[in-house]
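What follows is a single structure, written as structure tokens, with notes after it.
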Amino acid sequence: MHYLMGVRIDESALPFSDEEMQASFARVGAVNEEMKAAGIWVFGGGLRPSDSATVVRVEDGRTAMTDGPFAETKEQLGGFYVVEVDDLDALLPWAEKVAEACGVPIEVRPFDGIA
């Protein structure tokens with residue numbers, strides 16, 4: 001079963017200092033390597049801030065493209081992991097490790113099939 005672990009960040013919060021950011025990168029890197037060694041890692045990555053997004057909408061056959069996030073909220077998707085595990089129970093300890101390493105909430109969602 002494939003799952004997405006979404007890294008939820010609050011873009012309105014004060015940014016990390018350089019020292020805090022480097023410590024976070026080290027923690028996250030260690031968990032990434034642990035997931036790879038366990039054979040559950042499919043892929044993952046960080047995302048640029050939501051103001052770098054482009055939203056594409058098609059309504060009544062017309063396409064509109066706008067800058068910025070679709071959702072007007074301070075909490076955004078800041079990164080993600082795609083992993084393959086047997087079930088949710090096998091994933092939750094990994095989500096806990098990722099949440100601790102990132103210092104932010106992790107949203108876990110199963111894929112509804114892979115195209």
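How high is the relative contact order of the chain, in percent, counting Cα pairs under 8 Å that sit 6 or more residues apart? Mind dumping the intermediate values first?
Details: 162 pairs, mean separation 57.0, N = 115.
Contact order relative to length: 50 percent.
Give me the number: length gained by fully extending Ala26 to Arg109, i.e. 0.36 nm times residue separation minus the C-alpha to C-alpha distance, one decimal in nm. Kindly include the intermediate steps, with their values, before the conclusion.
Working: separation 83, 0.36 × 83 = 29.88 nm, distance 2.52 nm.
Extra length available between Ala26 and Arg109 comes to 27.4 nm.
Helix-derived [θ] at 222 nm for the chain: sum -39500 (n - 2.57) over DSSP H runs of at least 4, divide by residue count, nearest 500?
Values: 2 runs with 36 residues, N = 115.
Computed mean residue ellipticity for the chain: -10500 deg cm²/dmol.
To the nearest 10 degrees, how steeply does helix 88-102 sit against the main Cα axis of the chain, on a 0 to 90 scale?
On a 0 to 90 degree scale, this one is about 80.
From the phi angles alone, apply the Karplus equation (6.51, -1.76, 1.60; θ = phi - 60°) to the range 82-87 and give each ³J(HN,Hα) in whole Hz, x where the residue is Gly or Pro.
The phi angles translate into 10, 10, 10, 9, 5, 6 Hz.
At 4 °C and a viscosity of 1.567 mPa s, what translational diffusion coefficient does Stokes-Einstein give for the chain, taking Rh as the Kirkwood radius over Cα pairs? Give it in µm²/s as a whole number. Provide the component values of the computation, followed by the final result.
Values: Rh = 15.7 Å.
Stokes-Einstein gives a translational diffusion coefficient of 82 µm²/s.
Please identify which residues in the range 1-39 have an amide N closer than 16 Å to a label point set 7 Å out from the Cα of Lys74, following the Cα→Cβ vector.
8-16
Just so you know, all these numbers are worked out from the coordinates, no wet-lab data involved. Quantities reported herein were computed from a predicted structural model and do not represent experimental measurements. With ideal geometry, Cβ positions are generated from the backbone for all residues, glycine too; neighbour counts draw on all protein chains shown.
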